[in-house]
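Before any comments, here is the structure.
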Amino acid sequence: MAITILTADKTKTPPELRSWAVDLLNKNSPIKFSDVVVAQLKAGDIEFPGGIAAALSNQGTAGGMSVSPDGRFIAAAQDKAIYVWALSSGNLVKTLEGHTDSVTSVAFSPNARILASGSLDNTVRIWDVESGRERNRLRTGSDEVIAVTFSPDGHLVTRSLTEITYWDME
């Protein structure tokens, strides 16, 4: 319901309803918007494009999803690929491929320049957001990666089935 409200014409949606929908979506989904994105969505300065909503709701084997802290991009994993959309237009801007098994988690770095993806192929891949190129590949040993996230200071934290690893990205 929240996505339906956010994809509706903002001139016909009361601000209180938009605000409620943003809060609901932010609270009850794996998408956690930054404060900047929350404010922009509530104000109607950016919209949650219908094309993204449709793609996300039709995913087969869905992995993680992340919104860049600067509000420019949303990334979602499906099977072995990561799809990156421009949040302002809803256009698909990148398809990141390289994992050999399902992608389970994606996360943008605090500066929004890097996207990390974890996979059942026992790797974490580091992607340059602007170019879409793989910058690095980190091996976790024999465990499948089930979660990736960044700390506020830009360090990558990964979780496999048996361990949590803290990676220095510099």
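The values are calculated or read from the model by the stated rules, or taken from the named source; none is laboratory data. Remember, predicted model here, so these are calculated numbers, not experimental data. We place every Cβ from the backbone using ideal geometry, glycine too, and count neighbours over all the protein chains shown. The area values use the complete protein model at the heavy-atom level, side chains included, leaving out ligands, DNA and RNA. Shrake-Rupley method; radii C 1.70, N 1.55, O 1.52, S 1.80 Å.
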For segment 122-141, pairs from a residue that is more than 17 Å from residue 110 (Cα to Cα) to a residue that is open to solvent by 70 Å² or more (accessible area, probe 1.4 Å) and of a type in the set (Ser, Thr, Tyr), with Cβ under 8 Å and 6 or more apart or across chains, are 122/142
Counting only residues that are under 11 Å from the mean Cα position of the chain (by Cα) and not hydroxyl-bearing (Ser, Thr, Tyr), segment 88-111 contains a total of 3
The residue that is modelled with the lowest pLDDT, considering only those in segment 11-34 that are closer than 20 Å to residue 69 by Cβ and open to solvent by 70 Å² or more (accessible area, probe 1.4 Å), is 30
Within segment 141-170, residues polar (S, T, N, Q), surrounded by 14 or more Cβ atoms within 10 Å (Cβ to Cβ) and closer than 18 Å to residue 64 by Cα come out as 149, 158, 160
Residues of segment 123-146 being under 23 Å from residue 85 (Cα atoms) and either of a type in the set (Lys, Arg) or not in a strand (DSSP E or B) (or both), in sequence order, are 125, 129, 130, 131, 132, 133, 135, 137
Given the condition closer than 21 Å to residue 41 by Cβ and open to solvent by less than 10 Å² (accessible area, probe 1.4 Å), answer yes or no: does some residue in segment 114-127 qualify?
yes
So residue 60, is it under 28 Å from residue 139 (Cα atoms), open to solvent by less than 20 Å² (accessible area, probe 1.4 Å), modelled with pLDDT under 90 and not hydrophobic (A, V, I, L, M, F, W, C): no
Among 86, 54, 81, the single one that is at pLDDT 90 or above and either in contact with an Asp or Glu (Cβ under 8 Å, 6 or more places away or on another chain) or closer than 20 Å to residue 9 by Cβ (or both) is 81
